[in-house]
Number of protein chains: 2
Amino acid sequence: MRADRYLPILEWTRGYDRTTLTSDLVAAGIVTIMLIPQSLAYAMLAGLPPEIGLYASTAPLVAYAVFGTSRSLAVGPVAVISLMTLTAAGSVAPPGSGEFIAAALVLALLSGAILLVMGALRLGFLANLLSHPVVSGFIMASGIIIAFSQLKSILGVSASGETLPVLIKTLVGSLPATHWPTVIIGTAATAFLFWVRRGLKPLLMRAGLAARPADLLAKAGPIAVVAVSTMATVLLGLEERGVKVVGSIPQSLPPFTLPLFDVDLWRQLAVPALLLSVIGFVESVSVAQTLAAKKRQRIDPDQELIALGSANVAAAFTGGYPVTGGFARSVVNFDAGAETPAAGVFTAGGIVIAALFLTPLLASLPIAVLAATIIVAVLSLVDPKKAVEIWRYSRPDFAAMMSTILATLLAGVESGVVAGVALSLALYLWRASRPHAAIVGRVPGTEHFRNVKRHKVFTDPRIVTVRIDESLTYLNARWLEEFVLERVADDPQLKHLILMCSAVNAIDASALESLEAINHRLADAGVSLHLSEVKGPVIDRLERSNFLQGLTGKVWLSQNAAFDAVTVLADRETETNITPDPWLARGLI
Amino acid sequence: MRADRYLPILEWTRGYDRTTLTSDLVAAGIVTIMLIPQSLAYAMLAGLPPEIGLYASTAPLVAYAVFGTSRSLAVGPVAVISLMTLTAAGSVAPPGSGEFIAAALVLALLSGAILLVMGALRLGFLANLLSHPVVSGFIMASGIIIAFSQLKSILGVSASGETLPVLIKTLVGSLPATHWPTVIIGTAATAFLFWVRRGLKPLLMRAGLAARPADLLAKAGPIAVVAVSTMATVLLGLEERGVKVVGSIPQSLPPFTLPLFDVDLWRQLAVPALLLSVIGFVESVSVAQTLAAKKRQRIDPDQELIALGSANVAAAFTGGYPVTGGFARSVVNFDAGAETPAAGVFTAGGIVIAALFLTPLLASLPIAVLAATIIVAVLSLVDPKKAVEIWRYSRPDFAAMMSTILATLLAGVESGVVAGVALSLALYLWRASRPHAAIVGRVPGTEHFRNVKRHKVFTDPRIVTVRIDESLTYLNARWLEEFVLERVADDPQLKHLILMCSAVNAIDASALESLEAINHRLADAGVSLHLSEVKGPVIDRLERSNFLQGLTGKVWLSQNAAFDAVTVLADRETETNITPDPWLARGLI
């Protein structure tokens, strides 16, 4: 069972039969057709030669099939990770250079190692630091940057830049060099692809196709554009008229590569590799979980770290670059009927065949067409409605999202992620340090206690009950001290304070020390401290400290019992007109 | 009232009369006597000329009196902040040099500016990041380093080092140079001061003194040692025998100084200044709150930031170095009867008189005696019992404490604080990402629902109720998805899932998106999602999103109503043997 957990391949190969094989082969065929232009396009986006995209779509898929827990996830190059690779490798060498390609390999290795370590140490929870608004904002902003970065290929000019202002500036500067034949091809391809996305499926369905095959056929739109535009380029001699094409791609198996062992380079790329890994992991797991739920299957996020880590290590040793699970591709794989990760292995086989035999056919593919497929793919990532929804729902979350978007657009992808994470965490800590608490009183005629601000309740001027609505931790320990002591400073009649702990799931050492301080300070002010409705595990733990021995009041099972008993106590004190010194009461002087 | 809030001096000067004046003057006299040797000693500990300690005990006290909210806090140089000053300024110049003194001034200015900004922006909550175990560990480790750093003066040798191993190594290496007359003076002073701490008060009480004057008299022990040892040095001509003395201190008012405006230096000192400010603030507020509570007075932590910030800015312009509220000193001030911050102003006056007229008397004071006063003061900070208590109470808190101690001892004070804060935060986030949740069932014959693992309760195989015991935030949103989807994957009979939200105080945008994902994925698996006991503010907010429209189940006021109604629903589905597609039920297909 343990081996099954760490090698999911042992589980799904057990019942593997001919039906499953057929399903997986069909799905693999469809995904391969979709993946060929995507691989070339994303490699180009990452500033790498096109064949590297194909190589990254082989061994990593096999590694994922061995270690992955999703039956439908299709890994390989994806847009956002390609952009992050461009930025990170671009910080150490010019895109396209040998050093740049070497840096991309190192990124894949580091990213793989980071994911493997996170998986082995069960550190997947660190991905939680990326809140949904931050991830959404980052993906949107990346989509915008990617779309602008591809405009140059549509215009047939050269431009570059990691931030939107620089990109736009270089684009505008190069506008006089616009190459019109390229613009025509690029625009036509873009328009066709948009139409395929929106209009082809309904058309096919009106023509009598069922929804699913119509959908899958529509997904094959890019390969049609690739085929038609390549033929047009050859037939019309467009290459000679200055239309840039992919050029000759070596016909080869994925090569065996050894990533550079260069400690300085590793250090320079460590942080980008970490960000890229975590973003890739978060996106991939979310896709895997969505698809798994449709068949009541299970995803183990810690094992996914291992699987994606292995996939990236595999990429590093086979001439690839960082990969992760792709959304569109996985959905196609699922819809086409993939039953097991074997579909991934067959897809890898399809790509190997393409790399060996089909690459000569792709030499005349216009780069503008690849740019068009990227633009159409990433613009679907830009979803302004999402931003509006978050604005309506929560202003702090909107602030985190907008900071991520602005930082990504204006300062680059890495700054964007860091800014978003930092702001989310700061807002979280700010809220965690001000938990909700209420002064409560008894609802007349019942045993219920409710907020005095919202309900007509009975209170006693000598007794204050504070209901705390959060666990007590070091983040809110000082707040608790201030909150309680202010009540006391405000109220000279006060003799007993009850902390109602019904919502307190834990009390850490800092909060314990604060409770001790509160107990001491209240005693100095002549006020006894009581606790009510303390949960079992919390009281067990308090018994391991000296707090309960020093407590000037008592611990009561229910708030109702506490209020009744403390009222009697206060009555007796009022009658005798003697307020006992809480210190004396506990023999502490 | 607003002016009162930002200038507490307006409040306490209003009813100021002769009785208050007398109390404040008496307290100021006693604190001044205590403060003279302390100021000299802590300046020496910080690597600064002795007069700088005196200067730092003048203007900052007046600034605090204007802006501070504590009636009893006594600000000035303290041990831990002096050590941090030595480390920080020592990183840019050798201790004692002109550049070093300039760096200490800059530290005071930066620290003041940071505190003022934190106060103005109400960022006091950032101090919460320092958990009690981290602060305790840091103070203990600092105490150990300080004690070892002063051993050199007791032995009459020179040694230095910011970490314990280096300190011990240089101390051991310089042992052959031990100066025996110095050792005798230093040891005698240390032994006497320890005895004063433990034995003098009982002795005075047995001699008939009341507890409080006996205590105050015992606190004056250091000044007696200073007087006796200075006289002995003069009479026995010890200086000529090689006993190092304080030497001539300029007779002067605190000078007006302008801290260097050097951006590079500011950048180098920014992080140390931040750490020093926050540590100083946390310690100071804790002392102020303890004393305020004894008289039911109130401390405003945000205003304290302003007050301590002003005190440090004042120090920067009057030849001082970073200051904060001191524990022992404030307790003496309180016990001696200080009624208002005017006592601080009078203390400052006393120190000015000392700086003008008494400094010649201190020229022959042996440095070993100052070292003895420091050692005796800081060893009370080292409290191994505290560590044992934390170990017993909470292992994660103990881990945070020990990391802080070890990092401080082995890598220096700044690394210590950073390590402690980082580990506490990581542990907190880890716990926050795995909140408590329970599958609950109905206690037979009641309307109560309890954990199925702890109670004999009734459940229905078609219905699972998950009670979530925390607010839903981005830190636990993914955990929630995994937790819920695992239940579904485990249980093919399941048709309805109820989330019981009685302990959910808030749902942020990430958690909302996760709830939407859960709703979709459950629908794909043929399971309806219901919510029960959702709090008012939470439901109000959910209504601002599209979540409730898409919800496949319903929102129920009570868990009891939810369970009854969903059981009826499930019965109907079982009878008709038709499981409605939850998507269809909501018109979503």
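Couple of notes before you dig in:
- Residue selected from region A:424-444 under the condition surrounded by 19 or more Cβ atoms within 10 Å (Cβ to Cβ) and away from every other protein chain (no Cβ under 12 Å), by the criterion farthest from B:ALA426 (Cα to Cα): A:ARG442
- Annotation for region A:109-120: at least one member residue is buried (at least 22 other Cβ atoms within 10 Å of the Cβ), in a helix (DSSP H, G or I) and within 14 Å of chain B (Cβ to nearest Cβ).
- Residue check for A:ILE498: more than 8 Å from chain B (Cβ to nearest Cβ), in contact (Cβ under 8 Å) with a residue 60 or more places away in the chain and part of a strand (DSSP E or B): yes
- Residue match in region A:254-263 (condition: part of a helix (DSSP H, G or I), away from chain B (no Cβ under 14 Å) and over 30 Å from A:HIS132 (Cα atoms)): yes
- Selected residue (criterion: nearest to the other protein chains (Cβ to nearest Cβ)) from residues of region A:344-371 that are hydroxyl-bearing (Ser, Thr, Tyr) and surrounded by fewer than 22 Cβ atoms within 10 Å (Cβ to Cβ): A:THR359
- Residues of region B:501-515 satisfying the condition of being hydrophobic (A, V, I, L, M, F, W, C) and more than 7 Å from chain A (Cβ to nearest Cβ): B:CYS501, B:VAL504, B:ALA506, B:ILE507, B:ALA511, B:LEU515
- Per-region count, region B:126-143, residues of a type in the set (A, V, I, L, M, F, W, C) and not in a helix (DSSP H, G or I): 1
- Flag for A:THR290 being within 29 Å of A:THR58 (Cα to Cα) and touching a His at 6+ places or on another chain (Cβ under 8 Å): yes
- Whenever a residue of region A:183-208 is within 26 Å of A:VAL157 (Cβ to Cβ), its partners that are modelled with pLDDT of 85 or more and not in a helix (DSSP H, G or I), lying with C-beta atoms within less than 7 angstrom and at least six residues away or across chains, give the pairs A:VAL183/A:GLY156; A:ILE185/A:VAL243; A:ILE185/A:PRO366.
- Odd one out for A:ILE299 among (1) part of a helix (DSSP H, G or I); (2) modelled with pLDDT under 90: (1)
- Qualifying residue in region A:34-49 (condition: assigned to a loop (DSSP other than H, G, I, E, B) and surrounded by fewer than 24 Cβ atoms within 10 Å (Cβ to Cβ)): yes
- Residues that are at pLDDT 90 or above and not β-branched (Val, Ile, Thr) number at least 3 in the following helices (runs of 4 or more DSSP H) confined to region A:144-248: A:164-173, A:180-195, A:221-236.
- Within region B:518-533, one or more residues are outside any loop (DSSP other than H, G, I, E, B), over 27 Å from A:ALA288 (Cα atoms) and either modelled with pLDDT of 90 or more or at the interface with chain A (Cβ under 9 Å from one of its Cβ atoms) (or both).
- Residues within region B:483-494 that are over 15 Å from B:HIS520 (Cβ atoms) and part of a helix (DSSP H, G or I), tallied: 5
- Matching entry among A:VAL440, A:VAL413 (being at pLDDT 85 or above and farther than 22 Å from A:ASN476 by Cα): A:VAL413
- Of residues in region A:372-419 being part of a loop (DSSP other than H, G, I, E, B) and not hydroxyl-bearing (Ser, Thr, Tyr), the one nearest to the other protein chains (Cβ to nearest Cβ): A:ASP383
Every residue, every condition in (1) buried (at least 24 other Cβ atoms within 10 Å of the Cβ); (2) within 14 Å of another protein chain (Cβ to nearest Cβ), yes or no:
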position: B:GLN268; (1), (2): no, no
position: B:LEU276; (1), (2): yes, no
position: B:GLY280; (1), (2): yes, no
position: B:LYS294; (1), (2): no, yes
position: B:GLN297; (1), (2): no, yes
position: B:GLU304; (1), (2): yes, yes
position: B:ALA311; (1), (2): yes, no
position: B:ALA315; (1), (2): yes, no
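- Residue tally, condition at pLDDT 95 or above and either aromatic (Phe, Trp, Tyr) or in a helix (DSSP H, G or I) (or both), over region A:68-80: 0
- Of the numbered criteria (1) surrounded by fewer than 17 Cβ atoms within 10 Å (Cβ to Cβ); (2) more than 42 Å from the chain's Cα centre (by Cα); (3) among the basic types (Lys, Arg), the one B:ARG521 fails is (1).
- Once region B:451-489 is narrowed to residues that are among the charged types (D, E, K, R) and at the interface with chain A (Cβ under 8 Å from one of its Cβ atoms), the residue that is farthest from B:LEU429 (Cα to Cα) is B:GLU486.
The values are calculated or read from the model by the stated rules, or taken from the named source; none is laboratory data. All figures in this text were calculated on a predicted structure; none of them were measured in a lab. Backbone-built Cβ (ideal geometry, glycine too); neighbour counts: all protein chains shown.
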